[in-house]
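Heads up: the structure comes next, in structure tokens.
Bear in mind that the values in this text are calculations on the coordinates, not laboratory data. Predicted, not measured: the structure shown is a model, and the values here were computed from it. Glycine also receives a Cβ, built like all others from the backbone with ideal geometry; neighbour counts cover every protein chain displayed.
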Amino acid sequence: MSHFNREMSSANTMSKEEYLFLLKDFYKDLNLPYKYQDRNENHFRLERKCLPGISLNLVEFRVPYNLRYLNPDHEPIFSIGFMIQGQLDYIIHERKYSFNTGQNNIIVVPNEDRPSLLFKAHTFYSYRSCIFERDYLEHLFSRYPEKLKALYANYQNGKYSTLKPDNLINTREIQFIIQQIDGEFAKPQPDDLYLEAKILELLSLQIQSSTCENFAAFNLKACDRDKIREAEFLLTKDLNQAYTIEQLSREVGLNTKKLKMGFKQIFGNTIHVHLLAHKMKRACHLLLKSDLNIAEVGLECGFDNASHFSTAFKKQFGVRPLDFRRGKSNMSSISKM
């Protein structure tokens, strides 16, 4: 694969046709690495990294013209997209769709469809997308058929579709993963395995957000589900940052009753039990993989002292942390976590 890498110091004087040429050059082959970037008045960055079976695309720009770009002929596209900033409008089958700031979706575009992308003058756009090649997608479907059944069928049958008619919300967890991807992307030699894992994590979160739970029992709206996932992310991101339910409720903007009932509905446990299980899983990892002493492991997992940690660990697994480290535990009970 060739690598396109072009710098243009006078990008702020470029014509409308030159901007359209760059977009055409970027989108003409989604399986080729690509890099164009300028840091002048009209910030313009188009970059693509190709992993085995996945292309990771980063688009950021602000231009002084209204642009309408018609995508070229292409293979069927299965793409996960995340709008960081701006409102990206696109037209398929003479119908207009929009991606707004903080939204995401999974999009299937047949090869006979050629979307028109609409960009407004003097508007900053920041967008990330990951496009899965056919063989990679087939492999994913063979492993997780129930997760991808409807979308994969539309991909096979040449039918335009999205995961949800209304876009999903970029939760804090999704935003954090995108930041991790951007950080790795910026390295001189990004870790492909790390990027692939993060992309699959994003795909999993999108599917969970739309299909993995039955929300009828407590009538949870999509925005409520996203807030509850934000609460779970805050709860487990830093185990030394303790939250009360009231604090979590205020942080995500959901009343305590809906937070507690919705949390159990989505995650299958109360907030307290879910957090404890997360702490214990982290503790097991540190006991086996680190040189930290028992007190230090307890502190890393949010326990005030070694005694409290040892008591909680033994109650959970029936052995003390030290015995677990020495291999005297019943691993079957722990492997089910």
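Hey, what angle do you get for helix 172-185 against the long axis of the chain, alpha-carbon based, 0 to 90 degrees rounded to 10?
60 degrees
Along the charge dipole of segment 273-335, which of GLN316, LEU287, GLY302 sits closest to the positive end, that is, farthest toward it, with unit charges on the beta carbon of Lys, Arg, Asp and Glu (+1, +1, -1, -1)?
The residue sitting most towards the positive pole is GLN316.
Using Cα pairs under 8 angstrom and six or more residues apart, how large is the relative contact order of segment 4-207, in percent?
For segment 4-207, the relative contact order is 19 percent.
Give me the tail of P(r) for segment 213-268 as a percent: Cα-Cα pairs with distance above 17 Å. If you can, show how the numbers build up before the last one.
On the way: 445 of 1540 pairs.
Beyond 17 Å sits 29 percent of the P(r) for segment 213-268.
Can you compute the charge dipole magnitude of segment 4-207 about its Cα centre, using +1 on each Lys and Arg Cβ and -1 on each Asp and Glu Cβ, nothing else charged? Give it in debye, rounded to the nearest 20. Mind dumping the intermediate values first?
Values: 25 positive and 27 negative charges, 84 e Å.
In debye, rounded to 20, segment 4-207 gives about 400.
Could you tell me which of ASN167, ALA197, SER142 has its Cα farthest along the dipole of segment 119-230 towards the positive end, charges placed at Cβ (Lys, Arg +1; Asp, Glu -1), taken about the Cα centre?
Positive-most Cα among the choices belongs to ASN167.
Using only the alpha carbon atoms of the chain, find the Kirkwood hydrodynamic radius as the inverse mean reciprocal pair distance, in angstroms to one decimal.
Numbers: mean 1/r = 0.0442 Å⁻¹.
One decimal place: 22.6 Å for the Kirkwood radius.
Please go through segment 194-290 and write out the trypsin sites (Lys or Arg not before Pro) that DSSP classes as loop and that have at most 11 other C-beta atoms within 10 Å.
Values: sites: LYS198, LYS221, ARG225, LYS227, ARG229, LYS237, ARG250, LYS257, LYS258, LYS260, LYS264, LYS279, LYS281, ARG282, LYS289; in loops: LYS221.
Those that pass, being in a loop and sparsely packed, are LYS221.
In percent, what relative contact order does segment 273-335 have, based on Cα pairs under 8 Å that are 6 or more apart in sequence?
Values: 48 pairs, mean separation 14.9, N = 63.
The normalised contact order for segment 273-335 reaches 24 percent.
For segment 273-335, what is the charge dipole size about the Cα centre, in debye to the nearest 20, if Lys and Arg each add +1 at the Cβ and Asp and Glu each add -1 at the Cβ?
Details: 10 positive and 5 negative charges, 53 e Å.
Its charge dipole is roughly 260 debye.
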